[in-house]
Amino acid sequence: MDQLAQQYDGNAQAIMSSLRQMSGGTVDDMSLMLASNRAMMLGLRADADKMGQLMEVARFRGRAMGLSTAQAFSDIVTGIGRASPLILDNLGIVIDAENTYREYASTLGKTADELTEVEKK
(Lines give C-alpha, C1' and ligand atoms only; values in the text may rest on other atoms or scores of the structure.)
Protein backbone atom coordinates (compact mmCIF):
# COMPACT_ATOMS: atom_id res chain seq x y z
CA MET A 1 0.00 0.00 0.00
CA ASP A 2 2.88 2.37 0.79
CA GLN A 3 4.35 1.99 -2.68
CA LEU A 4 1.00 2.36 -4.38
CA ALA A 5 0.11 5.45 -2.35
CA GLN A 6 3.47 7.04 -3.20
CA GLN A 7 2.89 6.28 -6.87
CA TYR A 8 -0.44 8.16 -6.66
CA ASP A 9 0.99 11.04 -4.60
CA GLY A 10 -0.66 9.89 -1.39
CA ASN A 11 0.36 9.05 2.14
CA ALA A 12 -0.55 5.51 3.19
CA GLN A 13 -0.43 6.27 6.90
CA ALA A 14 -2.75 9.27 6.54
CA ILE A 15 -5.14 7.26 4.36
CA MET A 16 -5.27 4.42 6.88
CA SER A 17 -5.83 6.81 9.76
CA SER A 18 -8.68 8.53 7.95
CA LEU A 19 -10.30 5.24 6.92
CA ARG A 20 -10.04 3.80 10.43
CA GLN A 21 -11.66 6.88 11.90
CA MET A 22 -14.46 7.13 9.34
CA SER A 23 -15.24 3.39 9.39
CA GLY A 24 -15.81 3.64 13.13
CA GLY A 25 -13.80 0.49 13.68
CA THR A 26 -16.18 -1.61 11.57
CA VAL A 27 -13.54 -2.64 9.00
CA ASP A 28 -10.28 -4.46 9.73
CA ASP A 29 -6.96 -3.00 8.58
CA MET A 30 -6.32 -5.61 5.88
CA SER A 31 -9.69 -4.85 4.27
CA LEU A 32 -8.98 -1.13 4.49
CA MET A 33 -5.62 -1.58 2.76
CA LEU A 34 -7.07 -3.75 0.01
CA ALA A 35 -9.95 -1.35 -0.59
CA SER A 36 -7.54 1.59 -0.70
CA ASN A 37 -5.34 -0.21 -3.18
CA ARG A 38 -8.36 -0.94 -5.39
CA ALA A 39 -9.46 2.69 -5.18
CA MET A 40 -6.08 3.97 -6.28
CA MET A 41 -5.78 1.40 -9.06
CA LEU A 42 -9.23 2.36 -10.36
CA GLY A 43 -8.10 5.97 -10.62
CA LEU A 44 -9.43 7.54 -7.42
CA ARG A 45 -7.07 10.05 -5.88
CA ALA A 46 -4.87 8.88 -3.02
CA ASP A 47 -6.07 11.72 -0.83
CA ALA A 48 -6.68 10.80 2.81
CA ASP A 49 -9.52 13.29 3.26
CA LYS A 50 -11.34 12.18 0.09
CA MET A 51 -10.92 8.50 0.95
CA GLY A 52 -12.22 9.23 4.45
CA GLN A 53 -15.25 11.01 3.04
CA LEU A 54 -16.01 8.03 0.81
CA MET A 55 -15.72 5.73 3.81
CA GLU A 56 -18.10 7.92 5.79
CA VAL A 57 -20.65 7.72 2.97
CA ALA A 58 -20.11 3.97 2.74
CA ARG A 59 -20.70 3.51 6.45
CA PHE A 60 -23.95 5.48 6.33
CA ARG A 61 -25.20 3.93 3.07
CA GLY A 62 -24.20 0.42 4.07
CA ARG A 63 -26.11 0.68 7.33
CA ALA A 64 -29.17 2.03 5.51
CA MET A 65 -29.05 -0.70 2.84
CA GLY A 66 -28.21 -3.62 5.15
CA LEU A 67 -24.63 -4.00 3.90
CA SER A 68 -21.37 -4.08 5.79
CA THR A 69 -19.29 -0.92 5.68
CA ALA A 70 -16.57 -2.87 3.85
CA GLN A 71 -18.97 -4.01 1.13
CA ALA A 72 -20.47 -0.54 0.75
CA PHE A 73 -16.99 1.02 0.47
CA SER A 74 -16.02 -1.57 -2.13
CA ASP A 75 -19.18 -0.79 -4.11
CA ILE A 76 -18.57 2.96 -3.94
CA VAL A 77 -14.95 2.58 -5.04
CA THR A 78 -15.93 0.27 -7.89
CA GLY A 79 -18.87 2.44 -8.92
CA ILE A 80 -16.78 5.60 -9.06
CA GLY A 81 -13.71 3.90 -10.52
CA ARG A 82 -15.70 2.33 -13.34
CA ALA A 83 -18.07 5.28 -13.66
CA SER A 84 -20.96 2.89 -13.13
CA PRO A 85 -24.18 4.56 -12.03
CA LEU A 86 -25.77 1.10 -11.67
CA ILE A 87 -23.34 0.04 -8.94
CA LEU A 88 -23.82 3.33 -7.12
CA ASP A 89 -27.58 3.05 -7.51
CA ASN A 90 -27.44 -0.17 -5.45
CA LEU A 91 -26.44 2.06 -2.53
CA GLY A 92 -29.13 4.62 -3.26
CA ILE A 93 -26.60 7.02 -4.78
CA VAL A 94 -28.06 8.54 -7.91
CA ILE A 95 -26.22 11.23 -9.81
CA ASP A 96 -26.76 13.10 -13.01
CA ALA A 97 -23.29 12.64 -14.45
CA GLU A 98 -23.65 15.16 -17.25
CA ASN A 99 -24.71 17.99 -14.93
CA THR A 100 -22.10 17.00 -12.35
CA TYR A 101 -19.34 17.02 -14.99
CA ARG A 102 -20.54 20.35 -16.37
CA GLU A 103 -20.62 22.00 -12.94
CA TYR A 104 -17.22 20.64 -11.92
CA ALA A 105 -15.66 21.57 -15.26
CA SER A 106 -16.84 25.15 -14.88
CA THR A 107 -14.96 25.41 -11.57
CA LEU A 108 -11.81 24.42 -13.46
CA GLY A 109 -12.43 26.78 -16.36
CA LYS A 110 -13.10 23.88 -18.73
CA THR A 111 -16.00 22.33 -20.54
CA ALA A 112 -17.30 18.89 -19.53
CA ASP A 113 -15.82 17.43 -22.72
CA GLU A 114 -12.37 18.67 -21.71
CA LEU A 115 -12.35 16.81 -18.37
CA THR A 116 -9.88 13.97 -18.10
CA GLU A 117 -11.00 10.57 -16.85
CA VAL A 118 -9.27 11.26 -13.53
CA GLU A 119 -11.11 14.58 -13.16
CA LYS A 120 -14.41 12.85 -13.89
CA LYS A 121 -13.79 10.33 -11.13
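For the stretch 58-101, what does the accessible surface come to per residue with a 1.4 Å probe? Please give it in Å².
For the stretch 58-101, the solvent-accessible area averages 56 Å² per residue.
Using every alpha carbon pair in the stretch 33-98, what percent of pairs falls into each 10 Å bin from 0 up to the bin containing the largest distance?
Here the calculated profile for the stretch 33-98 is 23, 58, 19, 0.
For the stretch 19-26, take each phi angle, set θ = phi - 60°, evaluate the Karplus expression 6.51 cos²θ - 1.76 cosθ + 1.60, and give the result in whole Hz per residue in order, putting x for glycine and proline.
5, 4, 5, 6, 7, x, x, 8
Report the extension gain between Leu42 and Arg82 in nm, rounded to one decimal, defined as 0.36 nm multiplied by the number of residues separating them, less their alpha carbon distance.
Separation in residues times 0.36 nm, less the Cα-Cα distance, equals 13.7 nm.
Where q = 0.14, 0.21, 0.22 Å⁻¹, what log10 of I(q)/I(0) comes from the Debye formula for the stretch 1-55, counting one point per Cα?
Result of the Debye calculation: -0.27, -0.63, -0.69.
Which percent of the accessible area of the stretch 1-111 is formed by carbon and sulfur heavy atoms (probe 1.4 angstrom)?
For the stretch 1-111, the apolar C and S fraction of the accessible surface comes to 51 percent.
So what's the back-of-envelope 222 nm ellipticity for the chain, counting only DSSP H runs of four-plus at -39500 (n - 2.57) apiece and dividing by all residues, rounded to 500?
That calculation yields -20500 deg cm²/dmol at 222 nm.
In debye to the nearest 20, how big a dipole does the chain give about its Cα centre with +1 on each Lys and Arg Cβ and -1 on each Asp and Glu Cβ?
260 debye
Please list, in order along the stretch 60-69, the HN-Hα scalar couplings obtained from phi with the Karplus expression 6.51 cos²θ - 1.76 cosθ + 1.60 (θ = phi - 60°), rounded to whole Hz, x for Gly and Pro.
Those phi angles translate into 5, 5, x, 4, 5, 9, x, 10, 5, 4 Hz.
Which shape class applies to the chain: rounded if a/c is under 1.5, otherwise prolate when a/b exceeds b/c and oblate if not, where a ≥ b ≥ c are the square roots of the Cα gyration tensor eigenvalues?
Here the chain falls in the oblate category.
What is the chain's relative contact order, in percent, from Cα pairs under 8 angstrom and six or more apart in sequence?
RCO, the chain: 21 percent.
How charged is the neighbourhood of Lys121? Take every other residue with its Cβ under 14 Å from the Cβ of Lys121, and add Lys/Arg as +1 and Asp/Glu as -1.
+2
On full extension of the chain, what length is gained from Glu98 through Met65, given 0.36 nm per residue of separation minus the C-alpha to C-alpha distance?
9.3 nm
The values are calculated or read from the model by the stated rules, or taken from the named source; none is laboratory data. From a predicted model like this one, the values you see are computed outputs, not experimental measurements. In this analysis, Cβ positions are derived from the backbone assuming ideal geometry, glycine residues included, and neighbour counts consider all displayed protein chains. In case anyone asks, the SASA skips ligands and DNA or RNA and just uses the protein heavy atoms, side chains included. Shrake-Rupley method; radii C 1.70, N 1.55, O 1.52, S 1.80 Å.
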